[in-house]
Every structure is written in C-alpha cells, then in structure tokens.
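To start, the structure under review is shown below, and the notes come after it.
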C-alpha cells in the first residue's frame, strides 16, 4: 500500500470495521435479541428491525454528498457511537422502541462513514492502484461483517446474550469514537487529483 494512501485507508478501515460489524450483528443476532432480551418473537418484527438498519444505512450514504468526506467520515462515526449507546440502552431496558431508534441511528452512522471512507480512499489512491486498494478495504469490511458476530455468539454461551450485546456495543462505540478523534486531529491531506498537474 502506498504510504500516501495510509492516512486515508486506516481511518476508513477502522470506521468501516465498526459499521460493518454493526450490520453483521443486526443481520444475524437481532432476532435473538428480540426474542430472548426484548421478549418479541414475531418474524415480521425481526425483519422490520433488520430492514430499518439497512434503510438508515442507505439514507446515510445518500446524505454523504451534503456533508463532504472531511466532515462525513468523523460525524458518521459519532452517529454510530450514539446508535450503539441507544442499542445498549435498549438491551438494558428490554425496549423495542429504543432498539428501533438505535438501529436507525447506527445504520445512518454506518452509511455516512462507509461512503465517506470509500470515497476518501478512492480520492487518495493512485489511479493505477485504486481497484487494488479499494479491494483491500472491502476485505477488511467483509471480515468485520462476520468475525465479530461469531465472537458475540461464543460470548453469549457463557455470558448471556444481553451481556454479550453490551460488550459488543461498547467495543464498536470505542472503535468508532477513536476513529472520529483520529480524523479530527489529522492534518488535511491532498487527494491524488489535487497533487497532479
């Protein structure tokens, strides 16, 4: 990976990991959260909650153009942190409405930070290596959508689903918050288009 791309790639990968881990959690564990923690076992409700997080992600991606990459990436992380806090509150209170609001918030943060991260990496990649570097980013994202959820399942066996969900939420929130801070303190980096004559 070219050294000039790393300042864009690392935060995009961190934010993407946090966001895709959240999406993986909702697609695989949300029905169990609803039935075992919240006490709602209707498949239509589970499907609606999962749909909610994906719809919010789509909305977040569409909103990225209004903010620009420089603001969208850290603020997407902040919105994701807020979503994880709401999901934690939903697990503690066994509240379906809080879980839905948490899904909306986390999904919007994931979408905003995901599109901003991919855009930022693309803008800072040399044209001849853009596909390779973007593919590397997606490898990180696809690992994030699967491996952390397996960890939640393993933890749930010994700690229970609620505690596992709380630990997962805290880890995602910590990663997203760290990414936001790193983005706010990093110097402004010129894109490939800015430095080419």
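Within 20 Å of residue 178 (Cβ to Cβ) and at pLDDT 95 or above, is that true of residue 86? Let's see the steps before the verdict.
Values: within 20 Å of residue 178 (Cβ to Cβ): yes; at pLDDT 95 or above: yes.
The answer is yes for residue 86.
Name the residue that is surrounded by the most Cβ atoms within 10 Å (Cβ to Cβ), counting only residues in region 33-47 that are free of Cβ contacts under 8 Å to residues at least 24 places away in the same chain and within 23 Å of the chain's Cα centre (by Cα).
The first filter runs over region 33-47 and keeps only residues free of Cβ contacts under 8 Å to residues at least 24 places away in the same chain, leaving 35, 41-44, 46-47.
Then drop every residue that is not within 23 Å of the chain's Cα centre (by Cα), which leaves 46-47.
Values: 46: 18, 47: 12.
Among them, the one singled out is 46.
State which residue pairs qualify: first residue over 16 Å from residue 180 (Cα atoms) and inside region 105-129, second residue not in a helix (DSSP H, G or I) in any location, beta carbons under 6 Å apart, and separation of 6 or more residues or different chains.
123/191; 124/5; 124/191; 125/5
Listed here are the residues, each with its yes/no results for (1) modelled with pLDDT under 95; (2) exposed (fewer than 13 other Cβ atoms within 10 Å of the Cβ); (3) assigned to a helix (DSSP H, G or I).
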residue: 123; (1), (2), (3): yes, no, yes
residue: 128; (1), (2), (3): yes, yes, yes
residue: 131; (1), (2), (3): yes, yes, yes
residue: 144; (1), (2), (3): yes, no, yes
residue: 152; (1), (2), (3): yes, no, yes
residue: 155; (1), (2), (3): yes, no, yes
residue: 173; (1), (2), (3): no, no, yes
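Taking region 101-120 as the search range and keeping residues that are surrounded by fewer than 24 Cβ atoms within 10 Å (Cβ to Cβ) and over 13 Å from the mean Cα position of the chain (by Cα), which one is farthest from residue 81 (Cα to Cα)?
So the first thing to find is which residues in region 101-120 are surrounded by fewer than 24 Cβ atoms within 10 Å (Cβ to Cβ), and the list is 101, 104-105, 115, 118-119.
The next check asks that each one be over 13 Å from the mean Cα position of the chain (by Cα); those that pass are 101, 119.
Details: 101: 13, 119: 21 Å.
This residue is 119.
Do we have residue 156 as in contact with a helix residue (DSSP H, G or I) (Cβ under 6 Å, 6 or more places away or on another chain) and on the phi > 0 side of the Ramachandran plot here? Give the steps one after another, and end with the answer.
On the way: in contact with a helix residue (DSSP H, G or I) (Cβ under 6 Å, 6 or more places away or on another chain): yes; on the phi > 0 side of the Ramachandran plot: no.
For residue 156, the condition - in contact with a helix residue (DSSP H, G or I) (Cβ under 6 Å, 6 or more places away or on another chain) and on the phi > 0 side of the Ramachandran plot - is not met.
The values are calculated or read from the model by the stated rules, or taken from the named source; none is laboratory data. Predicted model only: the values in this text are computed from it and were never measured. Because the Cβ atoms are built from the backbone with ideal geometry, glycine has one as well, and the counts that use them run over all protein chains shown.
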